[in-house]
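The values are calculated or read from the model by the stated rules, or taken from the named source; none is laboratory data. Note that the structure is predicted; figures quoted are calculated from it, not measured. Here the Cβ positions follow ideal geometry from the backbone for every residue, glycine too, while neighbour counts run over all protein chains shown.
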Amino acid sequence: MQFCSGMAQSTKTNIFQQQKSTSLSKVDRSRKGSIDEPIVDLVHLINQHDQYFTTSSCSGRICVFEEVSGDHFPHFLGRAR
């Protein structure tokens with residue numbers, strides 16, 4: 001039974017990782033077309049973690065998503081300005 005449970009969790013993690021990979025591989029469609037210099041290190045730090053990613057690249061705001069155990073999709077954690 002634990003094997004099945006582990007398989008289900010593995011599949012959910014793979015779904016999150018696929019969504020993370022897809023989001024991070026998209027072309028930056030902002031007017032500037034790149035991550036703002038003052039926030040580059042923070043964006044890379046967040047995106048290094050398996051359970052989190054951000055699609056924000058503006059130093060004036062940030063949105064963070066996390067993987068939640070037992071769910072298939074990234075959860076929006078919040079935004080800051």
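Of the residues making up region 14-53, those that are without any contact (Cβ under 8 Å) to a residue 12 or more places away in the chain, under 22 Å from Glu67 (Cβ atoms) and of a type in the set (Gly, Ala, Ser) are Ser21, Ser25.
Quick grid of which residues meet (1) modelled with pLDDT of 85 or more; (2) more than 21 Å from His75 (Cβ to Cβ); (3) assigned to a helix (DSSP H, G or I); (4) not hydroxyl-bearing (Ser, Thr, Tyr):
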| residue | (1), (2), (3), (4) |
| --- | --- |
| Gln9 | no, no, yes, yes |
| Ser21 | yes, no, yes, no |
| Leu24 | yes, no, yes, yes |
| Asp28 | no, yes, no, yes |
| Arg31 | no, yes, no, yes |
| Ile35 | no, yes, no, yes |
| Asn47 | yes, no, yes, yes |
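Screening region 63-75 for residues that are within 10 Å of the chain's Cα centre (by Cα) and at pLDDT below 75 and picking the one that is surrounded by the most Cβ atoms within 10 Å (Cβ to Cβ) gives Pro74. All conditions but one from (1) modelled with pLDDT under 80; (2) surrounded by 14 or more Cβ atoms within 10 Å (Cβ to Cβ); (3) not in a helix (DSSP H, G or I) apply to Gly60; the one that does not is (2).
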